[in-house]
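The next block holds one structure in the form of structure tokens; read it before the comments.
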Amino acid sequence: MLKINNLSANVDNGNKQIINNLSLAVPAGEVHAIMGPNGAGKSTLSYVLTGKPGYEVTSGDVLLSGESLLDFSPEERAAKGIFLSFQYPIEIPGVPTMTFLKTALNAQRRANGLDEMGAPEFLKKSRALATELKIKPEMLKRPLNVGFSGGEKKRMEIFQMMMLEPNFILMDETDSGLDVDALRLVAEGVNKLRDPKRGILIITHYQRLLDYIVPDKVHVLSAGRIAASGDAEFAKKLEVEGYDAYA
């Protein structure tokens with residue numbers, strides 16, 4: 001599914017190396033988690049994978065289902081099925097949530113040679129998923145994320161994931177700012193997206209999210225590279241002992 005080979009990347013016009021010869025493989029059907037201290041390069045990795053401007057890959061490669069993502073623009077990577085859940089979802093005043101989502105969904109379908117989803121099918125699917133995620137109908141009528149609480153924004157991102165059905169999901173500290181009830185609801189949505197054909201990579205500081213989304217593997221990112229890996233129990237050890245041993 002996703003294979004990162006000896007990846008190095010710089011920011012600040014090439015003046016600062018953040019990702020340092022990093023290698024990682026996330027097979028289809030598996031959920032992997034990346035943990036690590038502040039400044040280790042966790043969010044930078046997600047930005048490099050999705051093609052955010054300002055991040056320069058200096059060596060290595062990233063393959064999604066055998067294709068090099070580095071050959072594609074951010075929009076093309078999204079069409080290939082990469083979805084990034086942001087740590088801080090942005091607000092887009094003036095753009096209705098449903099308009100944004102229908103436009104994104106059909107742009108992705110067109111890029112993959114599929115017919116656009118018609119309004120009746122789109123509304124039926126969106127209403128069913130909104131009910132499942134306890135998203136009130138009035139939220140869907142508002143501009144995207146405007147006036148939403150932190151938990152509502154994260155729930156909206158899970159709603160977008162379930163509508164778009166991406167091939168590979170990147171979650172950048174999705175648990176940030178969530179109370180226990182919101183965390184459980186978000187985790188339930190992610191668990192419903194677990195699929196033998198889909199890979200998921202969760203970036204998090206804390207083990208608590210992994211109580212609800214149990215990963216197949218946990219990796220420690222330190223100084224821009226994978227310093228250690230283990231199973232789900234490894235995350236509990238990290239929560240207790242910290243990251244000093246992997247610096």
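Any read-out appearing in this document is the output of simple, stated calculations on the displayed coordinates, not a laboratory observation. Values in this document were obtained by computation on a predicted structure and should not be read as measured data. Here the Cβ is made from the backbone with ideal geometry for all residues, glycine too, and neighbour counts use every protein chain on show.
Panel values: region 2-246, Kirkwood radius from alpha carbon pairs, Stokes-Einstein at 4 °C and 1.567 mPa s, translational diffusion coefficient 69 µm²/s.
Here the Karplus relation 6.51 cos²θ - 1.76 cosθ + 1.60, evaluated at θ = phi - 60°, turns the backbone of region 107-120 into coupling constants of 5, 5, 5, 4, 4, 9, x, 9, 5, 5, 7, x, 4, x Hz, with x for every Gly and Pro. Computed from backbone phi, the HN-Hα couplings of region 182-187 come to 5, 4, 5, 5, 4, 4 Hz, rounded to whole numbers (Karplus: 6.51 cos²θ - 1.76 cosθ + 1.60, θ = phi - 60°; Gly and Pro given as x). Under a 5 Å amide H cut-off, with hydrogens placed 1.01 Å from N, ILE226 pairs with SER23 among residues at least 5 apart or on other chains. Close amide H partners of VAL95, meaning residues 5 or more places away or on another chain with modelled amide H under 5 Å apart, are LEU144. Peptides 51-57, 22-28 ordered by packing proxy, namely the average of other Cβ atoms within 10 Å per residue, highest first: 22-28, 51-57. In the structure shown, the pairs LYS197/LYS236; LYS16/LYS192; LYS153/LYS197 are assessed against 31 Å; a Cα-Cα span above that value is assigned to LYS16/LYS192.
For HIS32, HIS205, HIS219, the sequence from fewest to most other C-beta atoms within 10 Å is HIS205, HIS32, HIS219. Pairs spanning more than 29 Å between alpha-carbon atoms, out of LYS3/LYS237; LYS3/LYS141; LYS124/LYS217: LYS3/LYS141; LYS124/LYS217. Please work out the FRET efficiency for the pair ASN5 and THR103, using the Cβ-Cβ distance as r and a Förster radius of 51 Å; give the result to the nearest 0.05. About 0.90, to the nearest 0.05.
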